[in-house]
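Written below as structure tokens is the structure these notes are about.
The values are calculated or read from the model by the stated rules, or taken from the named source; none is laboratory data. Since we're looking at a predicted model, the values are computed, not measured. Reconstructed Cβ throughout: ideal geometry from the backbone, glycine too, with neighbour counts over all protein chains shown.
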Amino acid sequence: MGNVPVDRRAAAVVGRHARLEVAFECRAGRTVLARAYAEPPLRIGRTFDIDGAASVLLVCAAPGVFPGDCLHLQVTVGGGARVLLASQSALQVHPGDGPEPAHVRHEYTVAEGGELHCQWDPVIPFAGARLVQQFDLQVARGSRLYWSDALMAGRVSRGEAWRFESIEHELRLLVGSSLRYLERYSLAPASRRPGDPWMAGDARYAGSAIVHHEAATADLAEHVHRRLADVEGLAAAVDLVEPRLMIARVLAASGPPFARARSIVRGVTLDSVFRNPRLVVRR
């Protein structure tokens, strides 16, 4: 089991600074949760078996994150293990008077022969919110990955589109020791409005999907691209940026076409790449 992590947080930051560490291994043809540690408000949901894969919800039991909060999640997938991860709900980012923004960092390591699927609910920044989020994905060349994240412009139904103070975002994908994809942006709507033409325009939802798999091909990327082009209210592009690596980027003005786009990308890749449409996280 290895060393058991120790909670060394000062009492004043309990509930605001937290880390979560999980490790999965393949045993007798099934994936098991071999090691788990979570500090409140982070929590690990029940593990379900789906065709030998481990399906788990990662939970933030707090109402969201506030200025000065720091959440750090570390996930390790061993060789031969298959893991499906999802959030329980959208992550709400609240405003406040603290000097530091909220910080959320995710680190994922997938060993040779391992497989990881991550399907995250949107991040929703409230008016005046500040967030720094970082995703570090390190996968072996012979591993497999499906990743899907999302960002909303704010509480759109309350007229809060693009009214947050700032969001800094970075997503890094390393295959082996080589950086293969980097997505980085900084949004500060008061100084440069994301809703301007040639930026987000009328879009209120944005997201990325990454597929790293030997069955990811240029023909598949073209097929997904054409499927998304048929969705009204959507701007999307899909490309095979190198062998085994397909990237999709999606913008939508409202929730239904955005959800439809994410469903199409996920459904096609489960059918045509992973060849198992049952790999869906249980909620």
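Before moving on, here are some points about what is shown:
- Within the range 11-27, the residues that satisfy the criterion of being within 30 Å of GLU100 (Cβ to Cβ) and either among the small types (Gly, Ala, Ser) or crowded, with 18+ Cβ neighbours inside 10 Å (or both) are ALA11, ALA12, GLY15, ARG16, ALA18, LEU20, GLU21, VAL22, ALA23.
- Top-ranked residue of the range 140-169 - restricted to ones that are within 18 Å of the chain's Cα centre (by Cα) and either aliphatic (A, V, I, L, M) or surrounded by fewer than 17 Cβ atoms within 10 Å (Cβ to Cβ) (or both), ranked as nearest to ALA81 (Cα to Cα): LEU145
- Screening HIS117, HIS169, HIS106 for residues that are in a strand (DSSP E or B), within 25 Å of ARG19 (Cα to Cα) and in contact (Cβ under 8 Å) with a residue 40 or more places away in the chain leaves exactly one candidate, HIS117.
- In a residue-by-residue description of the range 28-45, the property of being under 30 Å from ALA153 (Cβ atoms) and crowded, with 21+ Cβ neighbours inside 10 Å applies to no position.
- Among the residues of the range 127-139, those identified as over 26 Å from SER263 (Cα atoms) and surrounded by fewer than 18 Cβ atoms within 10 Å (Cβ to Cβ) are ALA127, GLY128, VAL132.
- Any hit, the range 63-82, residues being under 21 Å from LEU42 (Cα atoms), at pLDDT below 95 and out of contact with any strand residue (DSSP E or B) (no Cβ under 7 Å at 6 or more places or on another chain): no
- Boolean, ALA188 is over 13 Å from SER148 (Cβ atoms), within 20 Å of the chain's Cα centre (by Cα) and surrounded by 13 or more Cβ atoms within 10 Å (Cβ to Cβ): no
- For ARG275, the criteria (1) on the phi > 0 side of the Ramachandran plot; (2) crowded, with 17+ Cβ neighbours inside 10 Å hold in every case but one, which is (2).
Listed here are the residues, each with its yes/no results for (1) within 21 Å of GLY195 (Cα to Cα); (2) hydrophobic (A, V, I, L, M, F, W, C).
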residue	(1), (2)
ALA218	no, yes
GLU222	no, no
ARG226	no, no
GLY233	yes, no
VAL238	no, yes
GLU242	no, no
LEU251	yes, yes
ARG262	no, no
ARG278	no, no
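- Test: residue in the range 162-174 that is on the phi > 0 side of the Ramachandran plot and touching a Phe, Trp or Tyr at 6+ places or on another chain (Cβ under 8 Å): no
- Scanning the range 191-200 for residues that are in contact with a Leu (Cβ under 7 Å, 6 or more places away or on another chain) and either among the aliphatic types (A, V, I, L, M) or exposed (fewer than 12 other Cβ atoms within 10 Å of the Cβ) (or both) yields a single hit, ALA200.
- Number of positions in the range 8-33 that are within 22 Å of the chain's Cα centre (by Cα) and either among the polar types (S, T, N, Q) or assigned to a strand (DSSP E or B) (or both): 12
- Candidate set: the range 47-84, residues that are assigned to a strand (DSSP E or B) and among the charged types (D, E, K, R); chosen: the one surrounded by the fewest Cβ atoms within 10 Å (Cβ to Cβ): ASP49
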